[in-house]
1. State the extension gain, in nm to one decimal, for the chain segment bounded by Q78 and T155, taking 0.36 nm per residue of separation less the distance between their alpha-carbons.
2. Mean shadow of the stretch 160-215, computed from the convex hull of its alpha carbons, in nm²?
3. What accessible surface, in Å², does a 1.4 Å probe find on E124, ignoring ligands, DNA and RNA and rounding to the nearest 10?
4. Just want the answer: with Cβ charges of +1 for Lys and Arg and -1 for Asp and Glu, which residue in T155, V135, W108 is farthest toward the dipole's positive end in the stretch 87-215?
5. Can you pick out the pairs among K89/K176; K132/K189; K97/K128; K101/K202; K144/K202 whose Cα atoms lie more than 25 Å from each other?
6. Across all directions of projection, what mean area in square nanometres is found for the Cα convex hull of the stretch 73-143?
7. Can you give the extra length, in nm with one decimal, that the chain gains between K144 and R195 once fully stretched, where that is 0.36 nm per residue apart less the Cα-Cα distance?
8. Starting from the Cα-Cα distance between R99 and R117, subtract it from 0.36 nm times their residue separation and give me the gain in nm to one decimal.
Amino acid sequence: MGYVPVMGYVPVMGYVPINRPCNGVRPYYRPWGCYCQEAFRLARFVHNANVMRHPLLPLAVAFTVAFAVPVHAVESGQAAPAFSLPTAKGDTVALDKLRGKVVYVDFWASWCAPCRRSFPWMAEMQQKYGPKGLVVVAVNVDKKRSDAERFLAQTPAGFTVVYDEAGATPAAYVVKGMPSSYLVDAAGKVTYVGRGFLDEHKMDVEQRIATLVGK
């Protein structure tokens, strides 16, 4: 398999937007999507109210549904959601600071078997097209940095690796499996979305990279 779907919580009472706070509360990322703390509190209130036959139950349900809207994954043609994440050395990598470069954003995790095959290929792309303007940024989503470090000890990265233990960046992109990759052009727009890593797709993705850095 070239793609590992992430199992986890299903969003509570529908989805909420993840590229902005929900009622002023930062949204919380979970593998199948995300939900905000306020929505969770409302859902819990609805449950308790139902048990107690609370008179405010209809109002709580209406309020929750009103703020529950679908979340759509980032697709080709859309602006790439911004991020600013640390490297192992403590440096910060910000996507907007890479404007003018072609950026290959890859989401990965230590438990992702296909990622062990994608790393050598990404290192090859970085070495081959880096001088022409390509920057590969691999975003690790492990909750424990030590898990990522063990992976990297066995599968070295010849490109930039950043860490997002909180999961805000995969939530913004609505990542649903590992690896997931996004090819971003010099203007900051997503031109290609890859879900999984398959050998038969490498030539096509490389051609896309070559075209963008050649512009």
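The values are calculated or read from the model by the stated rules, or taken from the named source; none is laboratory data. This one's a predicted model, so the numbers in the text were calculated from it and none came from an experiment. Ideal geometry is used to build each Cβ from the backbone, glycine not excepted, and the neighbour counts take in all protein chains shown. Note: accessible area is taken over every heavy atom of the protein model, side chains too, but ligands, DNA and RNA are not part of it. Shrake-Rupley method; radii C 1.70, N 1.55, O 1.52, S 1.80 Å.
1. Value of the extension gain: 24.6 nm.
2. Numbers: hull surface 18.7 nm².
Spelled out: convex hull of the Cα atoms, projected over all directions, averaged, 4.7 nm².
3. My reading of the accessible area for E124 is about 100 Å².
4. Result: V135, furthest along the dipole toward the positive end.
5. Working: K89/K176 28 Å; K132/K189 18 Å; K97/K128 22 Å; K101/K202 20 Å; K144/K202 30 Å.
Violating the 25 Å Cα-Cα cut-off are K89/K176; K144/K202.
6. That works out to 5.9 nm².
7. 16.0 nm
8. Numbers: separation 18, 0.36 × 18 = 6.48 nm, distance 2.80 nm.
Contour length minus Cα-Cα distance gives 3.7 nm.
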